[in-house]
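Step one of this worksheet: look at the structure below.
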Amino acid sequence: MLGRVFAPDAAPEHFSTRGGGLLGIRPGSFIHAFRELAQAKAGIGRTCLRLGLGIF
């Protein structure tokens, strides 16, 4: 995953420990990220319907 985040450059050598990368695996972080994605999907669907795109 770090390869995708920092592409096309390499991830910093100590990103997980010194850069805070390990904070992303805390249970609270996972739960909040999931909630944000779920809410974004609902918002995108409403926006598409309002614009007449009908994708969702």
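Other residues lying with their Cβ under 14 Å from the Cβ of Ala33 contribute a combined charge of +2, Lys and Arg counting +1, Asp and Glu -1. Remark: the chain carries 90 Å² of accessible area per residue (probe radius 1.4 Å; ligands, DNA and RNA excluded).
The apolar share of the surface of the chain, taken as the fraction of accessible area on carbon and sulfur atoms (1.4 Å probe, ligands and nucleic acids excluded), comes to 63 percent.
Distance between the modelled labels on Ala42 and Arg4, one decimal in nanometres: 2.5 nm (7 Å Cα→Cβ projection). Taking only the C-alpha atoms of the chain, Rg followed by Dmax gives 16.6, 47 Å. Rounded to the nearest 20 debye, the dipole magnitude of the chain is 300 debye, with +1 charges on Lys and Arg beta carbons, -1 on Asp and Glu beta carbons, and the Cα centre as origin.
Rounded to the nearest 10 degrees, what's the angle between the helix 27-50 long axis and the longest principal axis of the chain, both from Cα atoms, 0 to 90? For 27-50 against the chain, the angle is about 30 degrees.
The values are calculated or read from the model by the stated rules, or taken from the named source; none is laboratory data. This structure is a prediction, so every number in the text was calculated from the model and none was measured. Neighbour counts are summed over all protein chains in view; Cβ atoms, including those assigned to glycine, are modelled from backbone coordinates with ideal geometry. Surface areas here come from the heavy atoms of the whole protein model, side chains and all, with no ligands, DNA or RNA. Shrake-Rupley method; radii C 1.70, N 1.55, O 1.52, S 1.80 Å.
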